[in-house]
Amino acid sequence: MGALMSTGTRKVFITTKKLVYAAAGSGLLLVAIFSTLITRAETLVTLRVYLPAILRAVDFPNPISNPGFEEGYSGWNFFSTQGGLDIISSAQAHSGLYSARLGNWDENYRRAYISQYVDVPVGRPWLTFWHYVDTPEDYCPMFTRYDFISIQVNLYEEDYYSLCDDVDHPNRVWLKQAFDLSAYQGMRVYLRIYFESDGNWASDIYVDDFNFEQ
Ligand SMILES: [Ca+2]
Ligand SMILES: [Ca+2]
């Protein structure tokens, strides 16, 4: 039985039928008279509504190690043009105290990445994470990359997005990102989140709370 969702009471009418007979006799003649007695009574019953068991919330394990960077660099490979040890940061965090800072507004021509091997779950192939962008780039024509994030699987770029400060890309707020990796369901892959900036107007970006979702 599933989870109890609600209870309540309701008046219902109960109808019962009962077979009765009466006998009447007169001399040698005995007549049996059969009849159906119908009674109707009002009663109060308790209603219980249950969710089907398959709809109950289930906490799936997160296949990504140290998804919120609360254990520092554990579980991740990391690289940056500043030596890599500038990535884990407490300057911003979507959860906990830490996030991974891939961009840096002090550094043009920056390259940085975090990566790890991960088993892409069957039925939950959407890679999700949260980002916090702070960039002076405010002109981002489509297909042009000044400063950008690249989502890579087995060193192949699955998707990318440019960092931009405009009405469609609000800055200095945590926003959830999602990428369809359904082609890799059930496979162990090398996942890499890569950042690159060009020669001026350096961008800052923090990422946190990686997971796979349905
Ligand atoms: Ca965190
Ligand atoms: Ca730039």
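The eigenvalues of the Cα gyration tensor, multiplied by 5 and square-rooted, give region 104-145 an equivalent ellipsoid with semi-axes of 28, 16, 11 Å from largest to smallest. Tyr206 sits among other residues whose Cβ lies under 13 Å from its own Cβ, and their net charge, with Lys and Arg +1 and Asp and Glu -1, is -3.
Gain in length, Asp159 to Ser74, computed as 0.36 nm per residue apart minus the alpha-carbon separation, to one decimal in nm?
This chain segment gains 28.1 nm when fully extended.
Just so you know, all these numbers are worked out from the coordinates, no wet-lab data involved. Given the structure is predicted, the values throughout are model-derived calculations rather than measurements. Methodologically, a virtual Cβ is constructed for each residue, glycine included, from the backbone with ideal geometry; neighbour enumeration extends over all protein chains shown.
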